[in-house]
1. Mind listing just one residue for me: the one in the range 1-56 that is of a type in the set (Lys, Arg), over 28 Å from Glu81 (Cα atoms) and touching a helix residue (DSSP H, G or I) at 6+ places or on another chain (Cβ under 7 Å) and, of those, surrounded by the fewest Cβ atoms within 10 Å (Cβ to Cβ)?
2. Do you know which of the residues in the range 6-52 that are basic (Lys, Arg) and out of contact with any Ser or Thr (no Cβ under 8 Å at 6 or more places or on another chain) is nearest to Arg72 (Cα to Cα)?
3. Identify all residues within the range 76-93 that are within 12 Å of Gln10 (Cα to Cα) and either hydroxyl-bearing (Ser, Thr, Tyr) or in contact (Cβ under 8 Å) with a residue 60 or more places away in the chain (or both); write none if there are none.
4. Of all residues in the range 57-71, which are loosely packed, with under 12 Cβ neighbours inside 10 Å and on the phi < 0 side of the Ramachandran plot?
Amino acid sequence: MRKSKLESYQEILGVLVEKPLDVDSLSYELSGNCAIVKQRLNFLVRNCLVEKRSMDKGTVYAATERGAAVLRALNVQTRLERLKDAIITVSER
């Protein structure tokens, strides 16, 4: 099943919170298409969730504090949805 944009953003932020990466390395980590990863990164940069950093070997991307906060909120929401589904499953028994 194809991932939603929100799931893609969450995945990208999750990787970039750990370490800054260039587009190729990020695409490899996510097993994704470089063009799509670039589109998602551009959105995240425009919304100040990820920042571009110029390095000697090229440009890398890193999550900002705002991006890390959004990721934490998304992770909490995901856990709550899973918990809700588990409760519904248990109550149906």
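1. Lys52
2. Lys19
3. Correct list: Thr78 only.
4. Once the filter is applied, which keeps residues that are loosely packed, with under 12 Cβ neighbours inside 10 Å and on the phi < 0 side of the Ramachandran plot, the range 57-71 yields Lys57, Thr59, Glu65.
Quick grid of which residues meet (1) under 13 Å from the mean Cα position of the chain (by Cα); (2) closer than 13 Å to Gln10 by Cα; (3) part of a helix (DSSP H, G or I):
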position: Tyr28; (1), (2), (3): no, no, yes
position: Ala35; (1), (2), (3): no, no, yes
position: Asn42; (1), (2), (3): yes, no, yes
position: Val45; (1), (2), (3): yes, no, yes
position: Lys52; (1), (2), (3): no, no, no
position: Thr59; (1), (2), (3): no, no, no
position: Ala69; (1), (2), (3): yes, yes, yes
position: Ala73; (1), (2), (3): yes, yes, yes
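Throughout, read-outs are computed from the coordinates displayed, never taken from laboratory work. Keep in mind that this is a model prediction, so the values were computed, not measured. For neighbour counting, all protein chains shown are included, and Cβ atoms are generated from backbone atoms with ideal geometry for every residue, glycine included.
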